[in-house]
1. Can you name the residue in the stretch 860-888 that is more than 16 Å from residue 904 (Cβ to Cβ) and buried (at least 18 other Cβ atoms within 10 Å of the Cβ) and is also modelled with the lowest pLDDT among such residues?
2. Being exposed (fewer than 12 other Cβ atoms within 10 Å of the Cβ) and under 18 Å from residue 37 (Cβ atoms) is the filter; apply it to the stretch 194-217 and report the residue that is modelled with the lowest pLDDT.
3. If you check residue 585 against the conditions, is it farther than 21 Å from residue 893 by Cα, more than 28 Å from the chain's Cα centre (by Cα) and in contact (Cβ under 8 Å) with a residue 40 or more places away in the chain?
4. Name every residue in the stretch 316-366 that is assigned to a loop (DSSP other than H, G, I, E, B) and modelled with pLDDT of 80 or more, in order of residue number.
5. Mind checking whether some residue in the stretch 351-365 is free of Cβ contacts under 8 Å to residues at least 60 places away in the same chain, buried (at least 18 other Cβ atoms within 10 Å of the Cβ) and over 24 Å from residue 299 (Cβ atoms)?
6. Of all residues in the stretch 936-946, count the ones that are closer than 11 Å to residue 910 by Cα and either in contact with a helix residue (DSSP H, G or I) (Cβ under 6 Å, 6 or more places away or on another chain) or modelled with pLDDT of 80 or more (or both).
7. Taking the conditions exactly as written (surrounded by 10 or more Cβ atoms within 10 Å (Cβ to Cβ), closer than 23 Å to residue 81 by Cα and touching a residue at least 40 places away in the same chain (Cβ under 8 Å)), does residue 180 satisfy them or not?
8. For residues that are under 30 Å from residue 372 (Cα atoms) and surrounded by fewer than 14 Cβ atoms within 10 Å (Cβ to Cβ), scanning just the stretch 311-350, find the one that is nearest to the chain's Cα centre (by Cα).
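The values are calculated or read from the model by the stated rules, or taken from the named source; none is laboratory data. All values reported here derive from a predicted model rather than from experimental measurement. A quick note on method: Cβ atoms are made from the backbone with ideal geometry, for glycine too, and the neighbour counts reach across all protein chains shown.
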């Protein structure tokens with residue numbers, strides 16, 4: 001029985017479901033038809049509106065054209081009427097003038113006749129008879145004149161009537177033409193109105209058809225409605241039948257209600273669990289998606305930065321080559337002024353090549369849709385970089401031109417010493433031609449001669465003394481800065497490593513408040529500390545650039561450099577104090593800053609001065625020339641020709657410029673790349689410089705024989721070929737021009753001016769008029785040049801590699817100039833470095849994945865998390881005596897207002913491992929403890945060293 005009831009219930013339930021489905025389907029079809037009808041009606045309405053608008057515009061256009069034509073006709077008619085009126089007035093005036101002329105003539109005649117009559121009256125007595133005859137004649141003439149006047153008047157009236165008739169005829173013609181055109185226009189307007197009425201009728205018919213369709217749709221809706229009502233009646237009938245069965249099964253339902261209720265409770269509980277699990281999985285998926293999107297974006301930006309870095313390195317490398325070429329020409333006095341357009345023309349091809357490469361990268365990269373947002377900014381950066389390095393190169397080369405003129409005197413003196421020795425050794429050789437086989441005797445005679453000559457030279461040229469920069473700094477500070485505590489040099493601190501700058505300041509407003517602050521804690525906020533650190537970094541960077549610009553290796557050391565640098569540091573300190581700061585910097589700050597900067601630059605000064613001393617101290621550079629001149633002395637003793645000896649001298653003269661040729665070693669830095677290493681916390685710029693220097697030194701030490709020496713020898717061989725080619729072409733040139741040795745030497749030095757600092761002035765004072773065998777000269781250079789090149793190769797060892805170069809052209813300095821031309825501003829929360837590749841860039845500072853706050857000593861908050869996580873929270877931080885929400889960090893002002901910190905849940909595991917690994921060191925350094933609110937999370941402790949290192953590759 002129970003199964004039958006269940007079966008009946010299921011059948012009725014299926015029927016009800018089927019009817020509900022049918023009803024639902026009908027409703028959906030009706031809804032769809034209604035929506036289609038509404039959509040069709042809206043479209044037809046829009047079409048009618050568009051058609052009406054077009055018709056209205058067309059009618060308006062027609063009316064405008066008609067009005068315009070009527071206006072034109074009216075204007076033309078007015079013009080014709082005015083013209084006719086003017087013609088009539090002109091004719092009237094002409095007739096009036098003729099009439100006046102005739103009247104004047106008549107009056108004149110009348111006067112004349114009156115005079116004659118008067119004369120006749122006087123003779124009347126004597127000639128009465130004759131007078132009568134005269135009077136009769138006069139009367140007859142008067143009659144004739146009157147008749148003539150009358151004829152003229154009749155003629156005038158006749159002409160006037162004819163003219164008026166003509167004008168009237170023309171007016172009537174114009175009137176008829178106007179009426180005809182008006183009739184045509186009315187006919188055209190009537191025709192257009194009939195077309196418009198016809199179109200309106202058609203529109204009315206279309207509307208009637210739409211109404212009919214609408215009525216048919218309504219009828220269909222009514223029909224569907226009746227069907228629905230029928231279905232509803234059937235449903236009610238089914239429900240009545242169902243109620244009967246419900247009464248039958250009610251008892252059984254009551255029995256199962258408890259069981260159903262328990263089942264529903266269990267279902268709700270499981271549903272809630274599944275929902276919670278679904279939400280957890282959803283959050284996890286969203287987090288993973290967010291991390292993946294951030295990782296893809298960071299990865300794309302890093303590829304872009306790598307591409308931009310490679311492009312800028314290519315541009316800088318090309319500029320280094322151009323700078324070297326122009327520098328050689330300046331030193332050889334081939335050019336006397338550098339202009340920006342000349343440098344831009346040299347760099348144009350490489351710049352266009354880089355722009356094309358960057359454009360292809362933006363278009364063809366797999367993440368081109370992400371990279372496109374940075375395209376414009378990077379194009380602007382590349383343009384600004386090109387303009388900056390062109391300006392900088394122009395400045396450097398023009399400074400070299402100025403320094404060249406100052407250096408002429410020193411070079412002329414040294415060349416004079418060398419050439420004087422050469423001529424004297426030639427004279428000595430002529431005296432000892434008979435001792436060519438006695439090597440010992442020749443050596444003894446040459447040594448005596450050499451020491452005597454060097455002694456005479458050095459008597460008038462005192463030796464260049466060594467320098468002690470730190471001693472000069474102390475003396476200068478003692479003389480010029482009386483307020484400095486010069487008696488406490490032992491208390492000088494390295495300002496780049498101090499933990500806090502509170503000891504260096506005192507408040508501008510003295511009083512109890514400052515005293516209380518000084519007793520109960522640090523008087524400087526972390527924002528103030530950051531500002532002072534930026535000042536120190538900026539001053540150090542500017543002084544480094546000034547030291548490089550002095551070119552001490554070429555011009556020598558002068559204590560005025562110390563004065564200029566200390567003056568610049570003092571000016572920057574004063575400028576900072578005059579800004580919006582509430583404190584002043586003590587004299588100890590100035591002393592420590594000056595001494596720290598000069599202590600760090602001590603090696604640079606010493607190395608460059610050593611190079612200047614070796615090149616310009618007669619005792620040193622003449623001693624290096626002893627063996628070279630002894631070889632020339634031997635050749636003269638053996639009776640060698642002037643051409644052979646001059647060829648050997650040329651090879652010896654070429655030795656020094658080849659050793660100093662920058663392009664041999666600069667190509668090393670241009671072609672070798674070094675990967676970036678670990679991020680740093682404090683003073684990142686100097687750390688990065690030291691890191692590059694260490695990497696370069698290790699590379700040179702480990703790869704010298706494999707890479708460095710190989711490339712150096714390749715460049716030396718290339719130079720050797722260029723020198724031999726120049727010698728051969730010089731010989732051909734002289735033979736074609738029938739020139740002498742001076743022409744040969746001028747052509748030879750010009751051919752090498754692009755690659756070597758080598759000119760005719762190096763041979764000033766040397767007698768060479770007897771050199772005429774240029775073929776022999778070329779052969780001697782070919783034989784003597786390889787040994788010179790071998791000597792150069794042997795002198796460039798691992799230890800002496802960088803010592804041979806000016807500090808501005810060493811491999812590590814070239815790399816530092818390239819990689820350090822970027823923004824070094826650090827995040828106030830975590831000390832992360834801004835990733836912008838342009839110094840003093842526009843817009844906010846930013847960093848991809850910030851560090852944990854522990855790295856900055858927890859000055860702002862006790863929270864250990866990264867600032868990118870905190871800016872999405874409701875937590876607060878404290879600075880300058882106020883509390884601020886992390887998400888409103890810009891309101892704190894100062895450095896914080898210039899940073900863009902985007903909320904990001906991802907954090908770098910490397911720094912979490914770092915905190916756990918160096919927990920004790922951090923506590924000691926920052927005077928903090930990782931307890932209570934600062935307790936290190938357990939998951940941080942789980943990271944291993946290798947996981948931390950691997951995480952660096954993911955971000």
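1. Looking at the filtered set, the residue picked out is 860.
2. Only one residue fits best here, namely 216.
3. Spelling it out, residue 585 is indeed farther than 21 Å from residue 893 by Cα, more than 28 Å from the chain's Cα centre (by Cα) and in contact (Cβ under 8 Å) with a residue 40 or more places away in the chain.
4. Of everything in the stretch 316-366, those that are assigned to a loop (DSSP other than H, G, I, E, B) and modelled with pLDDT of 80 or more turn out to be 337, 338, 339, 365, 366.
5. Yes, the stretch 351-365 has at least one match.
6. From the stretch 936-946, those closer than 11 Å to residue 910 by Cα are 940, 943-946; that's our starting set.
Going one step further and asking which of them are either in contact with a helix residue (DSSP H, G or I) (Cβ under 6 Å, 6 or more places away or on another chain) or modelled with pLDDT of 80 or more (or both), we end up with 940, 943-944.
Counting residues in the stretch 936-946 that are closer than 11 Å to residue 910 by Cα and either in contact with a helix residue (DSSP H, G or I) (Cβ under 6 Å, 6 or more places away or on another chain) or modelled with pLDDT of 80 or more (or both) gives 3.
7. no
8. Top of the filtered list is 348.
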